[in-house]
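Reviewing the structure listed below.
Every number in this text was worked out from the coordinates using simple rules, so none of it is lab data. Everything quoted here is computed from the prediction, not taken from an experiment. When we count neighbours, we look across all protein chains shown, and the Cβ atoms used for this are built from the backbone with ideal geometry, even at glycine.
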Amino acid sequence: MRSFNQLLHAQWRAGRVLCIALDPVPGKIPPHITLNAPECGEASLVFNTEIIDATADFAAAYKLNSAYYEAMGRTGWNALVRTVGYIQGRYPRIPIILDAKRGDVLHTSERYAEAAFKRIGVDAVTVHPYCGRASLEPFLSRPDKGVFVLCRTSDDSALQTMLVQSPYAKKPIPFFAHVAHDVAAQWNQNGNCGLVVGATHAADILTADLASGNSLPLLVPGAGAQGADLREALRPLPFSSTRKFLLVSGRSIIYASPDRDFALKAHEAAHRLHNEVHTHLAGFLCG
């Protein structure tokens, strides 16, 4: 049985932290693929498999945002399931995250969890915390699966940054810090929780990490097309064996070229980002 934590820690020991987002948009897939595979789902599958083959050497994980596949209808769902199967069959060391941001009342969450873990077969999923821990029990109760809880996203939503009176602090703290503390202190009984914190707000990465007691893995989107300053985003990220992270990049890698050389350019972009990350981290440790 694939265990998300085992797969992820093996990737970290190998020095890989890059999570590549496979979010295909039909209009951005190179024309030579769509010509031979006119259905958007089939074209997306071909595109995905070539990107995966080109970037697997640098990928600590792959993340698939369900919205991109759902928007294509039946063929998109098929592409999602078959992409997951392709990764598991060809690169079984690489964990797969479904970015679905699930979270609802208990009986609905049960169906969401079954779809993600049994039907699609991913190793981890993103969820939102608004309905509380009990509603997420179908996800949290699976120790072999990962659960990344939305904490501080890359946008500037007032809700996640508003100050709240938390029982964990003497003065008001940002709501996302309260979430980080709750997840670490109360939700992580199976040791399978992590936090989603956006790279575009470097100071808030540190706030969330400290609020969680530096105990949870961080899924950090925003590197690349979203415009995060890579050095600043990495500065507060953890370095010890118990404080790890996944840096998410998608569009800047998978759409590095619109032409026939797209896979080669994706390989180069992933390699470059992998090297940049380690150069910055080495500089912080030495400095």
| query | Could the peptides 143-149, 275-281, 253-259 be put in order, highest first, of the mean number of other beta-carbon atoms found within 10 Å of their residues? | reply | 143-149, 253-259, 275-281
| task | Pick out, from TYR69, TYR130, SER141, the residue whose Cα sits farthest towards the positive end of the charge dipole of the stretch 4-286, with +1 on the Cβ of Lys and Arg and -1 on the Cβ of Asp and Glu. | result | SER141
| query | What is the order of ARG142, ARG102, ARG74, fewest Cβ neighbours within 10 Å to most? | reply | ARG74, ARG142, ARG102
| Between helix 74-90 and the chain: long-axis angle, C-alpha atoms, 0 to 90°, nearest 10 | 80
| Based on DSSP, what percent of beta bridges with both residues in the chain are antiparallel, to the nearest 5? | 5
| said: Using amide H atoms built in the peptide plane, which far-off residues or other-chain residues are under 5 Å from VAL17 H to H? | reply: ALA60
| Under unit Cβ charges (Lys, Arg +1; Asp, Glu -1), what dipole magnitude, rounded to 20 debye, does the stretch 4-286 have relative to its Cα centre? | 520
| For q = 0.09, 0.12 Å⁻¹, Debye-computed log10 I/I(0) when each Cα of the chain counts as one equal scatterer | -0.41, -0.73
| query | Taking H as built 1.01 Å from N, whose amide H comes closer than 5 Å to the amide H of GLY194, not counting residues under 5 places away? | reply | VAL147, PHE148, VAL149
